[in-house]
Amino acid sequence: MTNETQACSNCRYSEINTQKITEYGCRRFPPIVSRLPVVTSTGQQGVQTICQFPTVKGDAWCGEWETKIVVEEGEHYDYE
């Protein structure tokens with residue numbers, strides 16, 4: 001057992017947001033689909049569908065945390 005801090009920044013399910021490095025995408029579960037009402041440039045009402053993984057802060061933590069698995073080039077790792 002390591003003495004690793006349990007945070008989203010070092011969780012195996014997180015992926016860093018390259019546009020905002022303090023945020024991560026949590027990939028523990030499938031992405032969330034959201035439907036948002038919008039008004040078009042012609043004034044018509046419509047719906048915009050967005051599909052994305054939840055955004056989390058790097059120092060956040062949840063009960064699903066697992067340490068990152070480092071696999072060297074050429075190695076193979078089977079997830080359990």
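Every read-out reported here was derived from the displayed coordinates using simple, explicitly stated rules and does not represent laboratory data. Note that the structure is a prediction, hence the values are computed from the model and not measured. Because the Cβ atoms are built from the backbone with ideal geometry, glycine has one as well, and the counts that use them run over all protein chains shown.
Among 35-41, 13-19, the peptide with the highest mean count of other Cβ atoms within 10 Å heads the list, and the full ranking is 13-19, 35-41. Compute the label zone of Arg28 within the stretch 39-55: residues whose backbone N is under 13 Å from the point 7 Å along Cα-to-Cβ. In the stretch 39-55, the label zone of Arg28 (backbone N under 13 Å from the point 7 Å along Cα→Cβ) covers 54-55. Gain on full extension, evaluated as 0.36 nm per residue between Lys57 and Ile69 minus their Cα-Cα distance, stands at 2.3 nm.
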